[in-house]
Structure formats: structure tokens, C-alpha cells
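K.L.:
Sharing a structure below in C-alpha cells format, with a few things to ask.
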Amino acid sequence: MVNHYLLRIGDGAHFNSSSTKCIWGITSKHSYAKGFISSAKEGDLLWFVKCKSKGQIVAVATFTGTKKRVLGPLINLTLTNKELGWTKTKGEWDTEVHYKDLYNLTHFEMYSEIEGPATIRRYKDKDKCKVNLPNEYVNIIRYSKITKTM
């Protein structure tokens, strides 16, 4: 069974920058991130949601995995914040979320209306989300084109 996850992406600036590489960053110390890292599996769906927008869903992609970021004083084994375009705000994103088959949904004007402190949440049928994500995904893949694939 495919799980659906909603990931808040702030104003979307960092998301837009790193979406060319199909990477998003999270901070693993939070309980919701730990739960996501331990339960998400390849093939699950990631729904990217802008903050302060009534929960506008701006993209959906297929989860492929996570990777710990390794940024050393001499050598970086993963891309830096600058290389990913994460320069607008400071953050301690220690884990990369990798995905493929990204669909841009900004023109769909889908609003989850979810508000709250959790940056990542698993979608449930009786969730507070105003969009039926499994049903919408079927239509999205039928009538849209992939924006970015890795």
C-alpha cells in the first residue's frame, strides 16, 4: 500500500532551487522527521505544501529514499546548502529526501487547509486534509506531465 506524506516547504524558494536535483532537506531530530525516516518506503508519495497559503499543494513526487548529509570541514560528500540553492534562510537540514517523477501542481490551486507545527505528516483518510490525495493523484498522473524525473 502506498502512503502519502505532506511536507511543508516554507515559501517554496528552497524547494524550487533543489527540485532540479530531486532533493528536499529535513532536520532529523524532530519526532515527525524520525517517524517519516523510519516508515517511508520507496514508492510512497510526497505532497509538497507551501506555508501560510491555506496549505497550497504545489507539487507531488514519488519517494525514492533518504540520505544523511555529510558536510565536512575539508570535504563535502553531499551537496552543500549553496549547491542546493538553500541560501534564503538558515537551517540545519541534516537529511536529504530523494524523489523522482515530480509533478508541478501550482496551477491546480489545490489547498489542503492543514495548519500546524508538523513539517511532515502522514495523510490519513480521516485527516484534516481537504483534498483526497489518493483520488487526486490518479487524475494528476492521467492528465499531467512529469516536470522532473531522476
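K.L.:
Once you've got the GNM for the chain with C-alpha springs shorter than 10 Å, pick whichever of 117, 73, 134 has the biggest mean-square fluctuation.
P.N.:
73
K.L.:
Rounding to the nearest 10 and keeping the result within 0 to 90°, find how far the Cα-based axis of helix 133-143 lies from the longest principal axis of the chain.
P.N.:
90 degrees
K.L.:
Something else about it: Quick check on the chain: helices-only [θ] at 222 nm, where DSSP H runs of length 4 and up contribute -39,500 (n - 2.57) each and the sum goes over total residues. Nearest 500, please. It would help to have the intermediate numbers written out before the result.
P.N.:
On the way: 4 runs with 30 residues, N = 150.
Rounded to the nearest 500, it is -5000 deg cm²/dmol.
K.L.:
Roughly how many whole Å is it from the C-alpha centroid of the stretch 119-150 to that of the stretch 45-116?
P.N.:
15 Å
K.L.:
Pairs 21/52; 21/50; 41/67; 88/148: which exceed 21 Å Cα-Cα? List each step's numbers first, then the result.
P.N.:
Working: 21/52 25 Å; 21/50 19 Å; 41/67 13 Å; 88/148 23 Å.
Flagged as over cut-off: 21/52; 88/148.
K.L.:
Semi-axes of the chain's equivalent ellipsoid from the Cα gyration tensor, sqrt of 5 times each eigenvalue, largest first, rounded to whole Å?
P.N.:
24, 16, 15
K.L.:
With a ≥ b ≥ c taken as the square roots of the eigenvalues of the C-alpha gyration tensor of the stretch 16-79, please select rounded if a/c is under 1.5 and otherwise prolate if a/b is larger than b/c or oblate if it is not? Don't skip to the end; give the middle numbers.
P.N.:
Values: a/c = 1.70, a/b = 1.44, b/c = 1.18.
The shape class here is prolate.
All of the numbers you see were taken from the coordinates with simple rules; none came from a lab. Just so it is clear, the model here is predicted, and its values are computed rather than measured.
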